[in-house]
């Protein structure tokens, strides 16, 4: 999560700035300390730059959990030669947690494409399916199914593809694209009714030349016999 210290060129720090990151609770009380880590975040948060004098005060989460979703705030305690000691706040950072997106034909109907993803509870999260740059009208959707006991909700969209090509499922937070998945769709083969092979007809057709040849041989032999009998 980003946090950068910007000071004017004429400000000289007397001591390295002290970094604080806190998690902003919804009621504004008892905000857990993320950095320096409290017990909840112990071993799961690192700074991107370990140099205490650097201006980059960003942090990185490891082993992200559903409960980590929410708003975070960066604070710095600074001691400069000109302005002495003061504190500076950064912008709030929103952390949204989401699971791996699945996007493929439905299990019971290959003519339908279904996209599904588990996300943290936020009304700004929207799932959409696009083809050739156009948003498709869903034939089925779930804006946020999930029990209240679960730390996430499931968003899903189902569309009926009209032509082959690439279909793209996108997860947006308001206007920002968070993640997407692409599926290349080929039209299902039409149902072709297969009839049994006419083996008897094939056999009869193969026997016709032999029957004709046998008839010709028989006729030739008979003619020779008659000629011989007539000569005698």
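The values are calculated or read from the model by the stated rules, or taken from the named source; none is laboratory data. Just so it is clear, the structure is predicted and the values come from calculations on it, not from any experiment. Quick reminder, even Gly has a Cβ in these numbers, built from the backbone with ideal geometry, and neighbours come from all protein chains shown.
Some observations on this one:
- Some residue of the stretch 103-111 being touching a residue at least 60 places away in the same chain (Cβ under 8 Å), within 26 Å of residue 178 (Cβ to Cβ) and exposed (fewer than 12 other Cβ atoms within 10 Å of the Cβ): no
- Conditions (1) surrounded by 13 or more Cβ atoms within 10 Å (Cβ to Cβ); (2) assigned to a loop (DSSP other than H, G, I, E, B): number failed by residue 82: (1)
- Meets criteria (farther than 22 Å from residue 119 by Cα and in a loop (DSSP other than H, G, I, E, B)) for residue 51: yes
- Filter result for residue 5 (surrounded by 15 or more Cβ atoms within 10 Å (Cβ to Cβ), in the same structural domain as residue 75 (by TED's automatic domain parsing) and closer than 20 Å to residue 79 by Cα): no
- Condition met for residue 166 (modelled with pLDDT of 75 or more, surrounded by fewer than 12 Cβ atoms within 10 Å (Cβ to Cβ) and in contact with a strand residue (DSSP E or B) (Cβ under 8 Å, 6 or more places away or on another chain)): yes
- Taken together, the criteria exclude residue 219 from residues that are over 30 Å from residue 140 (Cβ atoms), within 60 Å of the chain's Cα centre (by Cα) and at pLDDT 65 or above.
- Candidates in the stretch 123-141 are the residues that are within 30 Å of residue 26 (Cβ to Cβ) and touching a strand residue (DSSP E or B) at 6+ places or on another chain (Cβ under 7 Å); of these, the one that is surrounded by the most Cβ atoms within 10 Å (Cβ to Cβ) is 127.
- Residue 152 in contact with a strand residue (DSSP E or B) (Cβ under 7 Å, 6 or more places away or on another chain) and in contact (Cβ under 8 Å) with a residue 40 or more places away in the chain: yes
- The listed residue being within 20 Å of the chain's Cα centre (by Cα) and in contact (Cβ under 8 Å) with a residue 60 or more places away in the chain, out of 76, 95: 95
- Qualifying residue in the stretch 102-118 (condition: at pLDDT 85 or above and over 21 Å from the mean Cα position of the chain (by Cα)): no
- Residue in the stretch 21-44 that is over 18 Å from residue 97 (Cα atoms), touching a helix residue (DSSP H, G or I) at 6+ places or on another chain (Cβ under 6 Å) and surrounded by 12 or more Cβ atoms within 10 Å (Cβ to Cβ) present: yes
- Filter pass, residue 63 being touching a helix residue (DSSP H, G or I) at 6+ places or on another chain (Cβ under 9 Å), touching a residue at least 12 places away in the same chain (Cβ under 8 Å) and either in the same structural domain as residue 159 (by TED's automatic domain parsing) or in a loop (DSSP other than H, G, I, E, B) (or both): no
- Flag for residue 190 being modelled with pLDDT under 65 and not in a helix (DSSP H, G or I): yes
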